[in-house]
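Right, one structure below, let's go through it.
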Amino acid sequence: MKNVGCKSVENYDYLMDFGVYPQLNSLNMCCNLWLGDESIRKFAYVFPNLHRLQLAFCHTISDESIVHVLRRCCNISHLDLSTSRLKLLGMNFDVPKLKMLNLSFSEIDDEALYSISKNCCGLLQLLINDCLKCTEKGVKHVVQNCTQLREINLENCLNVRTDVAPSILFSSPSLRKITAPPYISFNISQRKLFLQRGCVVC
């Protein structure tokens, strides 16, 4: 159901007539420019056992609808909200099964990262590349609280200081891959040290 791209995407009332579909666990709605909050709420009702939900380039979805989905679909482990205007405001509850969160090219800031760090402690992969409102303060919150985190992508995060990579590596032994902010370079001894810790820094 990717890339529908027309207003007909809002007409999902017929789904409600067929009841609940607990067997469906993956839904790709990327690039549906007319997809709105009402439709998202209906999907959460009809497909309560979603594990993977892709909503990249869905610009008309609000934080409230995503919060509703995360409350109802408590098995979501992979969530793609890249290239959105979302900030995940109002997420003040645990999302323990969320493992991969893609927020690249989004509007999230340090406040959002703080909320993620408190409520998504089981994260393994966080993609926030090209998020210009994030700083090292928010990144450090995530690394300190998401103690199982294995990968973080900070590429083109222009407001994250270049020294953040060594700092977060030593505060999070679970990390295995860091895509560092721009303008950062490491000497041979530093790269060896990262590899000794089992982490690749790009």
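Considering only Asn156, Ser171, Val20, whose Cα is most displaced toward the positive end of the charge dipole of the chain, charges sitting on Cβ of Lys, Arg (+1) and Asp, Glu (-1)?
Ser171
With a Förster radius of 25 Å, plug the Cβ-Cβ distance of Glu107 and Gln148 into 1/(1 + (r/R0)^6) and report the FRET value to the nearest 0.05. Write out the running numbers ahead of the final one.
Working: r = 26 Å, r/R0 = 1.04.
Efficiency, from the Cβ-Cβ distance: 0.45.
For the chain, compute Rg over Rh where Rg is the Cα radius of gyration and Rh is the Kirkwood radius from the inverse mean 1/r over Cα pairs.
Looking at the chain, the ratio lands at 1.02.
Mind ranking 27-36, 193-202 by how tightly packed they are, going by the mean number of other C-beta atoms within 10 angstrom, highest first? Walk me through the numbers on the way to the answer.
Values: 27-36: 18.3, 193-202: 14.4.
The most tightly packed comes first, giving 27-36, 193-202.
For the chain, what is the mean residue ellipticity at 222 nm derived from helices alone (per DSSP H run of n ≥ 4: -39500 (n - 2.57); sum divided by total residues; nearest 500 deg cm²/dmol)? Kindly include the intermediate steps, with their values, before the conclusion.
Details: 7 runs with 61 residues, N = 202.
Mean residue ellipticity at 222 nm (helix-derived): -8500 deg cm²/dmol.
To the nearest 20 debye, what is the magnitude of the charge dipole of region 109-202 about its Cα centre, counting +1 on the Cβ of each Lys and Arg and -1 on the Cβ of each Asp and Glu? Intermediate values should be presented prior to the final figure.
Values: 11 positive and 8 negative charges, 84 e Å.
Here the size comes out at about 400 debye.
Scan around Thr135 for amide H atoms under 5 Å from its own, H built in the peptide plane at 1.01 Å from N, and keep only partners 5 or more places away or cross-chain.
Counting only residues 5 or more places away or on other chains, the set is Asp110.
Taking a probe of 1.4 Å, how large is the accessible area per residue of region 60-202, in Å²? Walk me through the numbers on the way to the answer.
Working: 6500 Å² over 143 residues.
Value for region 60-202: 45 Å² per residue.
Could you tell me how many cubic angstrom of Cα convex hull volume region 119-202 has per residue?
Considering the Cα atoms of region 119-202, their hull volume per residue is 74 Å³.
Quick one: how many lysine pairs in the chain have C-alpha atoms under 23 angstrom apart, if they're 8 or more apart or on different chains?
Summing the qualifying lysine pairs gives 29.
The values are calculated or read from the model by the stated rules, or taken from the named source; none is laboratory data. Just so it is clear, the structure is predicted and the values come from calculations on it, not from any experiment. Cβ coordinates were reconstructed from backbone atoms using ideal geometry, including for glycine residues, and neighbour counts include every protein chain displayed. Each accessible area value is taken on the protein alone, full model and side chains, heavy atoms only, with ligands, DNA and RNA left out. Shrake-Rupley method; radii C 1.70, N 1.55, O 1.52, S 1.80 Å.
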